[in-house]
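Engineer: Below: one structure in structure tokens.
The values are calculated or read from the model by the stated rules, or taken from the named source; none is laboratory data. Predicted model only: the values in this text are computed from it and were never measured. Here the Cβ positions follow ideal geometry from the backbone for every residue, glycine too, while neighbour counts run over all protein chains shown.
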Amino acid sequence: MIKPDAEIVQFDNVGLRYGAEREVLSDISFTLYPGCFYFLTGASGAGKTSLLRLLYLAQRPSRGLIRMFGTDAITLPRERLPGFRRRIGVVFQDFRLVPHLSAFDNVALPLRVAGVSEREILRPVADMLDWVGLGDRQHARPATLSGGEQQRVAIARAVIARPDMLVADEPTGNVDPEMAMKLMRLFESLNRLGTTVVVATHDLHLIGKVEGSLLMRLDKGKLADPTGALRYPPRRATVETGLA
Amino acid sequence: MIGLRLSFSLPDGRRRSDTRLLPEGSLSGPMPWVIAIMIALTVVAAGSGLALRNAARAASADLEGGVTVQIVSAAPAERNRQAEAAIAALRRAPGVASVSRVSQGDLETLLEPWLGTRPGDDLEALPIPALIDLRLAAPASPARLAALRARIAAVAPAARVDAQSAWLAPVFGAIGALQLLAAGLIALLAFATVASVLLASRNALGSHRETIEIVHMLGGTDRQIARVFQRGMAVDAAVGGIAGLLFGGAALLALGRAFAPLGSGLASGAMLGWSDWLALAAIPLAGVALAVVTARLTVLAALREML
């Protein structure tokens, strides 16, 4: 399953600080491979969201090297960022739905941004909304949706364009356990199709539900690596063992 | 994936499927009104400038080959003799298209506003110069005037030869200054329009910053976002431009009606032709183009500051 020469993300000694504050992330080094499922855990304030922001290219690091999809992401020209971002699906912790757009239009947004024709958008978006249980709320604006419904719209938006990598920040935080498992099954399905999935969560129970997943744990801005699977350069034996 | 069909072709984002990325909000703010006022003032300034140009051109065409010969002699008989001799000499001069003496009746009509026509007034008793109106085939250059003076000097020593355009030179100067003023006003209005659009675009960017960040995170390009703002600005500018053109055009027509009764040569020449009205109709188009380009450049410059 793992192709060590085709890593999708590689962090090497990455640090991040906001302004003149102390570093919120220090000496972060890891490698993510295509088709793997990763959980990112850590206490509140450990730096999970900051690490995810680096992963979905919302932030440049203060130091270190980041390679994404085989390209140096630090020196990536600004005009090439959209092409990379289209390969990454993001579920934001605060959903970040566009308030003036309906649930349908929010989910269709990545496709419209990518230039998919309206004719080709209708069916997949409707199917996706049906699947997350919001088929009858297609025309509802985010303000009229519950927290759980908004979260499902955010997840549908993140996966609709079949990204190479899915980054989800607490994606099951506002849904009931049944819907949480259903969403994890969706992530697993995407993962089986080759999408690399990174899920930040507090829910340790959820982690055990995804077979073969790897764990990244952040502690005060530093990456603890309980399985040793994520280190760069990777420990091959441990990686293979971790997936066995 | 779990009974979910996600089949579509993902192009590279160059297609313009960027509708509904942002709330357009067209016609909801003050922008159409601001642009309408700017365009109306520009139309009035440009229309006035064109009318002044037309007036200057008409007057210049009338006066270009015009020469006035005055026989300034206090003795009526001598004045008449020199006038007739000068007319005869001028008719034989090369380059003269026509020669005519201004009749006594026309002279009295010309002087009537200053000298009056009360019973008992005797204009014949005043030493009014005899006037000869001369039309040259070519413009009355100083060399041609000198040649004319030399030709009639022997037969009409009391003659004074002047180009008619020389008398209106200060008027043409004033018209030129007014045209410059109109051009300056148009430039200032264009600058004010750019400044207004710049402020409106920045304000709109601030209002939609969060949505823009989301669109960016989903892979939206600066150009896609800028197109949305451009389109909104184009609608605002088009509506404002049409309204401004109507207001400005109506103001020009009203001014034309107000000036028409003056009936003087200059005022009657200050009419707008079809080509002028077409040029004025192009002002809203120029306004839309200016607003769209300004909005695009402003938005792109602001977006470049975001990651």
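Engineer: Confirm whether B:Ser141 is surrounded by fewer than 16 Cβ atoms within 10 Å (Cβ to Cβ), of a type in the set (Ser, Thr, Tyr) and within 14 Å of chain A (Cβ to nearest Cβ). First the steps, then the outcome.
Structural biologist: Values: surrounded by fewer than 16 Cβ atoms within 10 Å (Cβ to Cβ): yes; of a type in the set (Ser, Thr, Tyr): yes; within 14 Å of chain A (Cβ to nearest Cβ): no.
Here the answer is no, as B:Ser141 does not meet what is asked.
Engineer: Evaluate the following for B:Met271: is it at pLDDT below 90 and assigned to a loop (DSSP other than H, G, I, E, B)?
Structural biologist: On the way: at pLDDT below 90: yes; assigned to a loop (DSSP other than H, G, I, E, B): yes.
The answer is yes for B:Met271.
Engineer: A follow-up question, please. Which residue pairs have Cβ atoms under 7 Å apart, sit 6 or more places apart or on different chains, and have a first residue in the stretch B:211-239 that is facing chain A (nearest Cβ under 8 Å) and a second that is aromatic (Phe, Trp, Tyr)?
Structural biologist: B:Met217/A:Tyr56
Engineer: Same structure again: Please verify whether the stretch B:119-136 includes one or more residues that are at positive phi and part of a loop (DSSP other than H, G, I, E, B). Show your work before the answer.
Structural biologist: Kept after step one, since they are at positive phi, are these residues of the stretch B:119-136: B:120.
Going one step further and asking which of them are part of a loop (DSSP other than H, G, I, E, B), we end up with B:120.
For the stretch B:119-136, residues at positive phi and part of a loop (DSSP other than H, G, I, E, B): present.
Engineer: Here is a follow-up. Cβ contacts < 6 Å: first residue touching a residue at least 12 places away in the same chain (Cβ under 8 Å), restricted to the stretch B:74-94; second residue loosely packed, with under 14 Cβ neighbours inside 10 Å, any location; separation 6+ or different chain. Result?
Structural biologist: Here the result reads B:Ala74/B:Pro127, each pair linking the stretch B:74-94 to a residue that is loosely packed, with under 14 Cβ neighbours inside 10 Å.
Engineer: Which helices (runs of 4 or more DSSP H) does the stretch A:117-223 wholly contain that include 3 or more residues that are surrounded by 22 or more Cβ atoms within 10 Å (Cβ to Cβ)?
Structural biologist: On the way: elements: A:118-131, A:147-159, A:177-192, A:204-207.
So the answer is A:118-131, A:147-159, A:177-192.
Engineer: Of a type in the set (Ser, Thr, Tyr) and within 14 Å of another protein chain (Cβ to nearest Cβ): which single residue out of A:Thr195, A:Thr201 fits that description?
Structural biologist: On the way: A:Thr201 fails: within 14 Å of another protein chain (Cβ to nearest Cβ).
When all the criteria are applied, what remains is A:Thr195.
Engineer: Taking the stretch B:187-210, which residues are within 14 Å of chain A (Cβ to nearest Cβ) and either without any contact (Cβ under 8 Å) to a residue 12 or more places away in the chain or small (Gly, Ala, Ser) (or both)? Spell out how you get there, then give the answer.
Structural biologist: Going residue by residue through the stretch B:187-210, those that are within 14 Å of chain A (Cβ to nearest Cβ) are B:204, B:207-210.
Within the stretch B:187-210, B:Ala204, B:Ser207, B:Arg209, B:Glu210 meet the criteria.
Engineer: Within the stretch B:228-239, can one find any residue that is of a type in the set (D, E, K, R), assigned by TED's automatic domain parsing to the domain that holds B:Gly47, over 30 Å from A:Leu111 (Cβ atoms) and surrounded by fewer than 22 Cβ atoms within 10 Å (Cβ to Cβ)? Spell out how you get there, then give the answer.
Structural biologist: Here is the first cut: in the stretch B:228-239, the ones of a type in the set (D, E, K, R) are B:231, B:236.
Next, from what is left, pick out any that are assigned by TED's automatic domain parsing to the domain that holds B:Gly47: B:231, B:236.
Then drop every residue that is not over 30 Å from A:Leu111 (Cβ atoms), which leaves none.
The answer is no, given that none of the residues of the stretch B:228-239 is of a type in the set (D, E, K, R), assigned by TED's automatic domain parsing to the domain that holds B:Gly47, over 30 Å from A:Leu111 (Cβ atoms) and surrounded by fewer than 22 Cβ atoms within 10 Å (Cβ to Cβ).
Engineer: One residue is enough: does the stretch A:39-59 have a residue meeting the conditions within 13 Å of chain B (Cβ to nearest Cβ) and more than 30 Å from A:Glu211 (Cα to Cα)?
Structural biologist: Taking the stretch A:39-59 first, the residues within 13 Å of chain B (Cβ to nearest Cβ) are A:52-59.
Subsequent filtering for residues that are more than 30 Å from A:Glu211 (Cα to Cα) retains A:59.
Among the residues of the stretch A:39-59, at least one is within 13 Å of chain B (Cβ to nearest Cβ) and more than 30 Å from A:Glu211 (Cα to Cα), which makes the answer yes.
Engineer: Looking only at the stretch A:4-48, how many residues end up being surrounded by fewer than 22 Cβ atoms within 10 Å (Cβ to Cβ), of a type outside the set (A, V, I, L, M, F, W, C) and not in a strand (DSSP E or B)?
Structural biologist: Residues meeting the conditions: 13.
Engineer: Then there's this: Restricting attention to the stretch A:43-54, does a residue exist that is touching a helix residue (DSSP H, G or I) at 6+ places or on another chain (Cβ under 7 Å) and either under 21 Å from A:Phe187 (Cα atoms) or aliphatic (A, V, I, L, M) (or both)?
Structural biologist: Residues of the stretch A:43-54 touching a helix residue (DSSP H, G or I) at 6+ places or on another chain (Cβ under 7 Å): none.
Checked the stretch A:43-54: no residue is touching a helix residue (DSSP H, G or I) at 6+ places or on another chain (Cβ under 7 Å) and either under 21 Å from A:Phe187 (Cα atoms) or aliphatic (A, V, I, L, M) (or both).
Engineer: For the stretch A:119-136, enumerate the residues that are more than 7 Å from chain B (Cβ to nearest Cβ) and not β-branched (Val, Ile, Thr).
Structural biologist: A:Arg119, A:Leu122, A:Arg123, A:Ala126, A:Leu129, A:Asp130, A:Gly133, A:Leu134, A:Gly135, A:Asp136
Engineer: Let me spell it out: the conditions are (1) crowded, with 21+ Cβ neighbours inside 10 Å; (2) under 14 Å from the mean Cα position of the chain (by Cα), and A:Phe84 meets all of them except one. Which number is the exception?
Structural biologist: The single condition A:Phe84 does not satisfy is (1).
Engineer: Could you count how many residues in the stretch A:74-96 are at the interface with chain B (Cβ under 10 Å from one of its Cβ atoms), part of a loop (DSSP other than H, G, I, E, B) and out of contact with any helix residue (DSSP H, G or I) (no Cβ under 8 Å at 6 or more places or on another chain)?
Structural biologist: 1
Engineer: Looking at the stretch B:175-192, which of its residues are under 18 Å from the mean Cα position of the chain (by Cα) and surrounded by 13 or more Cβ atoms within 10 Å (Cβ to Cβ)?
Structural biologist: At the first step, the residues of the stretch B:175-192 found to be under 18 Å from the mean Cα position of the chain (by Cα) are B:175-190.
Listed by number, the residues that qualify are B:Ile175, B:Gly176, B:Leu178, B:Gln179, B:Leu181, B:Ala182, B:Ala183, B:Leu185, B:Ile186, B:Leu188, B:Leu189, B:Ala190.
Engineer: Please indicate, with yes or no, whether at least one residue in the stretch B:297-306 is basic (Lys, Arg) and in a helix (DSSP H, G or I). If you could, list the steps in order and put the result at the bottom.
Structural biologist: Pass one, the stretch B:297-306, residues basic (Lys, Arg): B:304.
Keeping just the survivors that are in a helix (DSSP H, G or I) gives none.
No.
Engineer: Then there's this: So for the stretch B:147-165 (the condition being assigned to a helix (DSSP H, G or I), under 26 Å from B:Leu52 (Cβ atoms) and more than 14 Å from every other protein chain (Cβ to nearest Cβ)), does at least one residue qualify? Break it down into steps so the answer makes sense when it comes.
Structural biologist: Keep residues of the stretch B:147-165 that are assigned to a helix (DSSP H, G or I), which gives B:147-153, B:164-165.
Those still in the list that are under 26 Å from B:Leu52 (Cβ atoms) too: B:164-165.
Then keep just the ones that are more than 14 Å from every other protein chain (Cβ to nearest Cβ); that gives B:164-165.
Yes: one or more hits.
Engineer: Still on this structure: Looking only at the stretch A:97-115, count how many residues are touching a Lys or Arg at 6+ places or on another chain (Cβ under 8 Å) and either within 7 Å of chain B (Cβ to nearest Cβ) or more than 17 Å from A:Arg137 (Cβ to Cβ) (or both).
Structural biologist: So the answer is 9.
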